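Presented below is the structure to which this report refers.
The values are calculated or read from the model by the stated rules, or taken from the named source; none is laboratory data. Only a predicted model underlies this, so the values are computations on that prediction, with no experimental measurement involved. A quick note on method: Cβ atoms are made from the backbone with ideal geometry, for glycine too, and the neighbour counts reach across all protein chains shown. All accessible areas refer to the heavy atoms of the entire protein, side chains included, with ligands and DNA or RNA removed. Shrake-Rupley method; radii C 1.70, N 1.55, O 1.52, S 1.80 Å.
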Amino acid sequence: PRCYLAFHERMRSFELRDDDVWVASYPKCGTTWTQEMVWNIMNDMDLETAKNVILDQRVPFLEISGIIETVFEKIAENTKNEDMAGVLPMEDSMDSVNNLPRDKPRIIKTHLPVEFMPQEVLENHKIVYVTRNPRDVVLSYYNHWKILEGYSGDFASFFDAFVEDVGGYYCPYFPHNFGYWKMRNQKNVMFIFYEDMKKDLKSVITKVTKFLGKELTDSQIEELNGHLQFDSMKNNPAVNKQSTIEGLGLVTGIKGIGEGKFMNKGKSGGWRSKLTEDQITRIKAWEDKNLAGSDFKLQYE
């Protein structure tokens with residue numbers, strides 16, 4: 001959004017730390033899941049904190065203050081602080097990152113494409129990038145825009161915008177993925193797939209743990225695997241964002257906001273029963289066009 005421009009200028013002076021760890025993705029690709037996995041690996045399986053401290057406090061979303069529209073800022077200004085707690089960031093999101101303790105590595109969430117990221121981060125900081133097939137992404141992103149942004153259009157219109165590369169913040173999908181995919185062989189980058197996490201989460205935990213230079217015992221991997229299962233995540237108030245969603249609905253009064261679940265289905269392949277034959281044909285053509293000449297391969301289950 002246009003409101004991001006001022007925030008982007010501030011990125012030039014953002015204070016980096018050598019041991020920062022970044023969780024990056026296009027929206028709705030398994031970001032929350034990956035954040036929780038990386039935080040627990042980096043914090044030696046401190047599940048007590050993971051179940052009691054909101055994930056957005058443990059792993060701040062760097063640029064969220066830069067994409068909050070003016071209408072929400074005005075609402076925040078006119079609402080009692082206690083009513084806004086956990087709804088919109090009460091602290092500037094860049095300040096939230098800067099204020100994290102210095103006695104251990106920061107873990108930072110971002111949806112920024114490589115073009116907007118500091119070069120020092122891209123070259124030297126550890127980055128875990130997670131992706132997901134766009135057929136499931138468009139379904140999840142539609143749910144996101146309804147319950148968090150108050151989108152009142154139908155899915156057909158949202159789908160049209162998505163495959164025309166104008167559907168929501170951070171579009172278009174493919175250039176975002178390609179930017180990080182081209183970096184996947186750098187020693188500081190790990191590129192993972194949501195679908196692999198669904199198929200064999202323990203294997204992904206093991207790879208990410210090694211990448212981060214940490215060690216977990218077999219029993220800890222098993223414990224983290226259980227903690228990261230969809231039902232566990234969906235029922236964990238520290239990660240399911242339900243208080244945020246319900247709070248937004250309460251303080252904004254905008255129809256649609258707060259009327260749903262942030263963690264919706266948590267499945268791969270839901271597009272098969274949700275998209276029409278015409279939509280499947282169109283999104284496949286869009287994929288083929290963008291993937292032509294690329295070695296980037298999507299997974300659909």
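Only one of the listed residues (Met84, Met90) is under 13 Å from Ser65 (Cα atoms) and at pLDDT below 95. That residue is Met90. For the range 163-179, filtering for residues that are in a helix (DSSP H, G or I) and either surrounded by 18 or more Cβ atoms within 10 Å (Cβ to Cβ) or small (Gly, Ala, Ser) (or both) leaves 6. Residues in the range 20-63 that are within 16 Å of Val128 (Cβ to Cβ) and of a type in the set (S, T, N, Q) were compared, and the one that is surrounded by the fewest Cβ atoms within 10 Å (Cβ to Cβ) is Asn43.
Scanning the range 186-234 for residues that are part of a loop (DSSP other than H, G, I, E, B) and farther than 19 Å from Gln299 by Cβ turns up Gln186, Lys187, Asn188, Leu212, Gly213, Lys214, Glu215, Leu216, Thr217, Gln229.
Here Val128 fits the description: of a type outside the set (Phe, Trp, Tyr) and not in a helix (DSSP H, G or I). Scanning the range 134-142 turns up at least one residue that is in contact with a helix residue (DSSP H, G or I) (Cβ under 6 Å, 6 or more places away or on another chain), basic (Lys, Arg), open to solvent by 10 Å² or more (accessible area, probe 1.4 Å) and part of a helix (DSSP H, G or I). With respect to the conditions (1) in contact with a Cys (Cβ under 9 Å, 6 or more places away or on another chain); (2) over 23 Å from Asn40 (Cα atoms); (3) open to solvent by 10 Å² or more (accessible area, probe 1.4 Å), Asp160 lacks only one, and its number is (1).
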